[in-house]
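All remarks here apply to the structure that follows.
The values are calculated or read from the model by the stated rules, or taken from the named source; none is laboratory data. All values reported here derive from a predicted model rather than from experimental measurement. Neighbour counts run over all protein chains shown; Cβ positions are idealised from the backbone, glycine included.
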Amino acid sequence: MDIGIITFATDRSIAPDVLGAACEERGLESLWFAEHTHIPTSRKTPFLVGGDLPEMYWRTVDQFVAMTAAAAVTTKLKIGSGVALVTEHDPINLAKRVASLDRLSEGRLLFGIGAGWNVEEMEDHGVAFKDRWKVTRERVLAMRTIWTEDEPEYHGDFVDFPAMWSWPKPVQSGGPPILMGAFSKWVPKRIAEYCDGWMPIDGASDIASGIKEIKNAMREVGREDDSLDVTMLAAASPDRGPDLDRLKETTEIGVNRALLPLPDVGEKEALKVLDSYVHLVESLR
């Protein structure tokens, strides 16, 4: 199992470039950054896990700026979006940013995506909550077209553009792996159609059955299922940290990467947390 870090890069946390270099020095496989462009002050949409919404949600550094900063000071560390909210981006612009970062990092980008959960946030970007997954689907399919064709065009209900020229193309053939950060009864078919992997949250869904359902859906559309990337957001106790036995258990059911949480804290405290994770990297090799 590969071990990565997932965090909210904010104006109060360790700098993304410092964090990237520290992760690579400690043998971590990847570094993932969360995304929210803003949080409406109305707070009509309740926080998914209940309680007050942490302030880090509206203090995030731009996700692609953070990923680029981390990529610029590393050579092996994979850089991930955990997750990019596709409903908050123009697909042509997002395709360009993804392709550019994949090329400048020499193919180290992992593209985690989601549709978002905050109704007002996505409405500020012109997307109705009821349409969020239809919009996400078309934008992803349109981006794949831009990444893979010399004169791409796309005509859908939510994305529509004529033939264009757009370079650079991503280093990774077909574009970076796209991992869906969601789960519902529709997710297996969505992943089978336009994604390459799944990003479940440990404890939020039955990961074993989810993997089976996704692989079945992939086979139904003629896709090989042995390439499915399962990147799990691991739980971690504030006192005891991640559960090593649980990580080993999920490896056996098909999880190939675990992302350990890093709070949005300053450099000194963040490095202490990273140091506490180093033994996990060694134990799971």
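Figures for the structure shown
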read-out: Residue list for the stretch 249-262, restricted to those being crowded, with 16+ Cβ neighbours inside 10 Å and part of a loop (DSSP other than H, G, I, E, B); value: Gly254, Val255
read-out: Residues (among the small types (Gly, Ala, Ser), part of a loop (DSSP other than H, G, I, E, B) and in contact with a strand residue (DSSP E or B) (Cβ under 7 Å, 6 or more places away or on another chain)) located in the stretch 22-61; value: Ala34
read-out: Tally of residues being under 14 Å from Phe158 (Cα atoms) and free of Cβ contacts under 8 Å to residues at least 12 places away in the same chain across the stretch 89-145; value: 5
read-out: Positions within the stretch 174-188 being on the phi > 0 side of the Ramachandran plot and surrounded by fewer than 18 Cβ atoms within 10 Å (Cβ to Cβ), in sequence order; value: Gly174
read-out: Residue within the stretch 30-51 that is free of Cβ contacts under 8 Å to residues at least 40 places away in the same chain, under 26 Å from Thr145 (Cα atoms) and either touching a helix residue (DSSP H, G or I) at 6+ places or on another chain (Cβ under 6 Å) or not polar (S, T, N, Q) (or both) present; value: no
read-out: Contacts under 8 angstrom Cβ, first residue in the stretch 174-191 being in contact (Cβ under 8 Å) with a residue 24 or more places away in the chain and farther than 27 Å from Gly107 by Cβ, partner in a helix (DSSP H, G or I) and among the acidic types (Asp, Glu), 6 or more apart; value: Pro188/Glu213
read-out: Residue match in the stretch 151-161 (condition: touching a residue at least 60 places away in the same chain (Cβ under 8 Å), assigned to a loop (DSSP other than H, G, I, E, B) and not aromatic (Phe, Trp, Tyr)); value: yes
read-out: Which numbered condition Trp147 misses (of (1) outside any loop (DSSP other than H, G, I, E, B); (2) more than 30 Å from Val73 (Cβ to Cβ); (3) over 17 Å from the mean Cα position of the chain (by Cα)); value: (2)
read-out: Residue that is in a loop (DSSP other than H, G, I, E, B), basic (Lys, Arg) and either surrounded by fewer than 14 Cβ atoms within 10 Å (Cβ to Cβ) or free of Cβ contacts under 8 Å to residues at least 60 places away in the same chain (or both), where the choices are Arg285, Arg246; value: Arg285
read-out: Answer from Ser81, Ser100 - the residue that is closer than 21 Å to Pro177 by Cα, touching a strand residue (DSSP E or B) at 6+ places or on another chain (Cβ under 7 Å) and not aliphatic (A, V, I, L, M); value: Ser81
read-out: Some residue of the stretch 227-235 being among the aliphatic types (A, V, I, L, M), closer than 20 Å to Trp186 by Cβ and modelled with pLDDT under 90; value: no
read-out: For Gly107: the one exception among (1) in contact with an Asp or Glu (Cβ under 9 Å, 6 or more places away or on another chain); (2) over 21 Å from Asp160 (Cβ atoms); (3) surrounded by fewer than 21 Cβ atoms within 10 Å (Cβ to Cβ); value: (1)
read-out: Options Ile211, Ile191: the member that is crowded, with 20+ Cβ neighbours inside 10 Å, over 15 Å from Ile6 (Cβ atoms), in contact with a helix residue (DSSP H, G or I) (Cβ under 8 Å, 6 or more places away or on another chain) and modelled with pLDDT of 95 or more; value: Ile191
read-out: Identity of the residue in the stretch 49-108, closer than 21 Å to Val119 by Cα and charged (D, E, K, R), that ends up farthest from the chain's Cα centre (by Cα); value: Asp52
